[in-house]
Amino acid sequence: MMSKLIVSLLCCFSIFAANVQAKTLMVFGDSLSAAYNLRQQQGWVSLLGEQINQSHPDITIINASISGETTQGGLARLPKLLETHQPTWVVLELGANDGLRGYPLNQAKQNLASMIELIQQHSADIVLLGNHLPSNYGRTYTTQFFNLYKELAEQYQIAYVPFMLENVALDPSLMQNDGLHPNAKGQPVVLNNITPALLPLLNK
C-alpha cells in the first residue's frame, strides 16, 4: 500500500513539475507570419518550432496570426488570447496591413502601444517585428511607418527587429508573385532575421 502511494505521489509531482516548467511562445501577426499561400510547415513560425524543439523542449509555440489582420483587429483579439495561452513570450508582428491600406499611422502606433502594454501586464517578454512599405506610398509615409517600430521599442524597452524581410523583400527569387509575401525559399531567411532578437529571450 505504501509503495503504491509513493508511486502515485511521484507521478502527480512529475505531472505538476512538467506543467510548471512548460512555457508558451505566441506569435501574433498577419499573413507574414501565417504562412500565406504556403503549407503551414513551410512558414517561418513552423521552422522556428523545428529549430528550438531540441534545445527548448519545454516551449510550446502558438501561432495566433491571421492573414489580413490590422492593429485594430489585433487589439480586439489580444486580451482573450493572453488569458487563454498565458504566454511567456510574444512575437508581435502587426501594422503592415494598416500601412498598405493607408490608415493613419498615429492610430496604428497607438494600437501597437496598447498591445505592448497588455502583453507586459501579463509579464510576457516581447519581440516587436518592424517592416517597410513599398516606395510608391511616398517617402514621408513610408519613413514614418518604418520609424514607428523603433520608437515603440525604445519607449517600452523591448526587443526589436527593424525589418523582418531584410534580404528578402527585394529578391524576386525569395518572394511570391504579389511582391509582398516571402515564398518557401524566403521563409528561412525571415527566420534568420528574427532569431537574433528572440533566442536571447528564450535563453534568459
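The values are calculated or read from the model by the stated rules, or taken from the named source; none is laboratory data. Please read all numbers here as calculations on a predicted model, not as lab measurements. Methodologically, a virtual Cβ is constructed for each residue, glycine included, from the backbone with ideal geometry; neighbour enumeration extends over all protein chains shown. In case anyone asks, the SASA skips ligands and DNA or RNA and just uses the protein heavy atoms, side chains included. Shrake-Rupley method; radii C 1.70, N 1.55, O 1.52, S 1.80 Å.
Helix 71-85 axis versus longest C-alpha principal axis of the chain: approximately 10°, rounded to the nearest ten. In the assembled protein chains, residue 171 presents an accessible area of approximately 50 Å² (probe radius 1.4 Å). Of all the accessible heavy-atom surface of the chain, with the other protein chains kept in place and a 1.4 Å probe, what percent is carbon and sulfur? Carbon plus sulfur share of accessible area: 55 percent.
Relative to the Cα centre, the charge distribution of the chain, modelled as +1 at Lys and Arg Cβ and -1 at Asp and Glu Cβ, gives a dipole magnitude of about 280 debye.
So for region 88-194, averaging the separation of alpha carbon pairs under 8 Å that are six or more residues apart and normalising by length, what relative contact order in percent results?
Here the relative contact order equals 23 percent.
Here the 3J(HN,Hα) profile of region 147-157, calculated from phi with Karplus coefficients 6.51, -1.76 and 1.60 at θ = phi - 60°, is 6, 5, 5, 4, 4, 5, 4, 6, 5, 9, 6 Hz, Gly and Pro shown as x. The convex hull around the C-alpha trace of region 93-189, projected and averaged over every direction, spans 6.6 square nanometres. Entry note, the chain: relative contact order of 19 percent, from Cα contacts under 8 Å with a spacing of 6+ residues.
Sorting 39, 77 by solvent-accessible area of protein heavy atoms yields 39, 77, largest first, with a 1.4 Å probe.
With protein chains left intact and a 1.4 Å probe, residues in the chain average 53 Å² of accessible area per residue. Based only on Cα atoms, what Rg/Rh ratio does the chain have, Rh being taken as Kirkwood's radius? Rounded to two decimals, Rg/Rh equals 1.06. Globularity index of region 27-92 is 1.14 (Cα radius of gyration / 2.2 N^0.38 Å, N = number of residues).
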